[in-house]
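These notes concern the structure reproduced below.
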Amino acid sequence: MPKFKEFADNKYTIPMLKRDKFKKLNPKTNRMKTSRKTKFLTTEIKPEDRTFKNRPKYSTGKSKVSFQDWLLIKGEKSKPDHNVNSIGYSESLKGWVGWSHRAVSCFKPGDKVTGDHLGKKVEYPKLSNGDLDFDNGKFEPDFTIRNMTHAKQVATTFADNVS
């Protein structure tokens, strides 16, 4: 997948979510085929100035670009057996990001993880029938992220807990 390109005059291109559709004739079968071509958004917002709040959107409120492309996230698998990238380092936010289809969160050294945050490890007690009691989970104590390795661990925990 193509990433952003930097022009000489501080303009950047980012692949858009919606692709152009056009009809094309297949010469072998003589049938019409729908082809798609990636469109690119041109912006003057520098990568270090990009956040979740200034992501380009349509008038309907839907995003024009994916948050991974906008924040320059290089995805990794949180677990070896997962087929989906759910954590990654963001060059724009300078921190580790964990996500799923429900939520996204960024973690950097010095951030405080408090309360019932899903970046914390949680243990669930067992009910009398042997099932886990998801209503009464016990979270680890509040902490401050120490370094980038710890931030990556918290992002992995967040991605696993939120999915």
Report task. Mind giving me the nanometre distance, one decimal, between the label points for residue 91 and residue 74, set 7 Å out from Cα along Cα→Cβ? Result -> 0.8
Query raised in the report: To the nearest 20 debye, what charge dipole does region 44-163 have about its Cα centre, counting +1 at the Cβ of each Lys and Arg and -1 at the Cβ of each Asp and Glu?
Result: 440
Query - Unit charges at the beta carbon, dipole of region 1-70: most positive-side option, 56, 68, 16 - result: 16
Requested in this report: Within region 67-163, list the trypsin sites (Lys or Arg not before Pro) lying in a DSSP loop whose Cβ has at most 16 other Cβ atoms in a 10 Å radius.
Outcome: 94, 102, 121, 146
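Set the Förster distance to 45 Å, then compute FRET efficiency between residue 112 and residue 63 from the Cβ-Cβ distance, nearest 0.05.
Numbers: r = 29 Å, r/R0 = 0.64.
E(calc), rounded to 0.05, equals 0.95.
Sorting 29, 38, 60, 43 on the 10 Å Cβ count, fewest up front, what's the list?
Numbers: 29 8, 38 12, 60 5, 43 19.
Taking fewest neighbouring Cβ atoms as first place, the list is 60, 29, 38, 43.
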Query raised in the report: Quick one: Karplus J couplings for region 9-26, per residue in order, coefficients 6.51, -1.76, 1.60, θ = phi - 60°, nearest Hz, x for Gly and Pro?
Result: 9, 6, 10, 10, 10, 9, x, 8, 6, 7, 9, 5, 10, 8, 8, 9, 7, 7
**Report entry** In range of the label at residue 52: residues from region 114-134 whose backbone nitrogen is under 18 Å from the point 7 Å along Cα→Cβ
**Finding:** 114-120
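Since every read-out is calculated from the coordinates, none of them should be taken as a lab result. Computed from a prediction, not measured in an experiment: that's the story for all the values here. Quick reminder, even Gly has a Cβ in these numbers, built from the backbone with ideal geometry, and neighbours come from all protein chains shown.
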